[in-house]
Amino acid sequence: MEPEEAKREMISPLSKGDIFCFDAIYLEYNKKIYSFALSFLKNKEDSEGIVQEVFLTLWRKRAEIKMNQDIGSYLFTITYNTIRKHFRKLARERKHLKEFSKTALTEDDSTNSEVEYENLLEIAESAIDQLPSRQKSIYHYSIRDGLSTKEIAEKLEISTRTVENHLYRAKSQLKKTMLDSSLTSLLFFSLFLQ
């Protein structure tokens with residue numbers, strides 16, 4: 001069985017509340033998510049909190065996951081939203097402090113992390129937008145929608161080989177763009193865009 005198929009087969013037991021399946025997913029992804037969060041938050045406690053929130057959200061929303069969804073792609077979405085929520089909270093706190101403080105608020109690691117993360121997301125989105133139309137569509141179907149190569153081929157009425165070629169070219173181009181940007185960008189790609 002292919003790794004992607006195996007990951008998709010975890011969705012059914014997870015959606016039914018299989019705690020062993022949940023544990024297996026946690027063991028596979030928790031360190032990746034922690035490292036990813038830590039690279040932006042620069043704070044172990046906050047990063048551990050992100051991991052906890054991501055997996056609590058996964059458990060709460062387990063029944064909503066599509067049966068053909070790739071679990072890695074789904075966790076990316078949760079992680080993305082959780083980190084954005086964290087940064088929005090930091091932004092609100094900074095705004096509140098600015099309004100009620102007479103002294104300037106000094107910039108800290110969290111501020112730097114927020115800017116870095118937002119820039120990284122912009123780089124990723126821009127790189128995806130610059131892909132040729134067919135590559136971009138296939139990439140979105142695969143990564144964002146979690147469709148298999150066969151499902152994409154049927155949807156677009158093309159061969160699976162053509163889908164694989166487009167995906168390979170898209171990922172190669174994105175990897176090159178991320179590598180040209182920074183090591184952090186490459187980490188982002190390695191964890192969540194392929």
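For labels at SER126 and LYS66 in the simple 7 Å Cα→Cβ model, what's the distance in nm?
2.9
Once the piece of chain linking ARG88 and ARG169 is laid out straight, how much longer is it, given 0.36 nm per residue of separation minus the C-alpha distance between them? Present the calculation step by step, with values, prior to reporting the outcome.
On the way: separation 81, 0.36 × 81 = 29.16 nm, distance 3.47 nm.
Length gained between ARG88 and ARG169: 25.7 nm.
Determine how large the accessible area of ARG84 is when every protein chain is in place; take a 1.4 Å probe and give Å² rounded to the nearest 10.
70
In segment 13-46, which trypsin sites (Lys or Arg not before Pro) are in a loop and have at most 12 other Cβ atoms within 10 Å, using DSSP for the loop call? Don't skip to the end; give the middle numbers.
Details: sites: LYS16, LYS31, LYS32, LYS42, LYS44; in loops: LYS16, LYS42.
Here the sparse-neighbourhood loop sites are LYS16.
For ILE50, what accessible area in Å² do you get when you roll a 1.4 Å probe over the heavy atoms of the protein chains, rounding to the nearest 10?
Probe radius 1.4 Å; accessible area of ILE50 about 10 Å².
Please work out the FRET efficiency for the pair ILE19 and ARG144, using the Cβ-Cβ distance as r and a Förster radius of 41 Å; give the result to the nearest 0.05.
Working: r = 28 Å, r/R0 = 0.69.
The value I calculate is 0.90.
Given the Cα-Cα distance of LYS42 and GLU151 and 0.36 nm per residue of separation, how much length would full extension add, in nm? Numbers along the way, then the final one.
Working: separation 109, 0.36 × 109 = 39.24 nm, distance 3.96 nm.
Residue separation times 0.36 nm, minus the Cα-Cα distance, leaves 35.3 nm.
Kindly sort LEU14, LEU147 by accessible area of their heavy atoms, largest first, with the probe set to 1.4 Å. Please list the in-between numbers first.
Values: LEU14 0, LEU147 30 Å².
My answer, sorted largest first, is LEU147, LEU14.
The values are calculated or read from the model by the stated rules, or taken from the named source; none is laboratory data. Keep in mind that this is a model prediction, so the values were computed, not measured. Ideal geometry is used to build each Cβ from the backbone, glycine not excepted, and the neighbour counts take in all protein chains shown. Areas reflect the complete protein model, heavy atoms only, side chains present, ligands, DNA and RNA absent. Shrake-Rupley method; radii C 1.70, N 1.55, O 1.52, S 1.80 Å.
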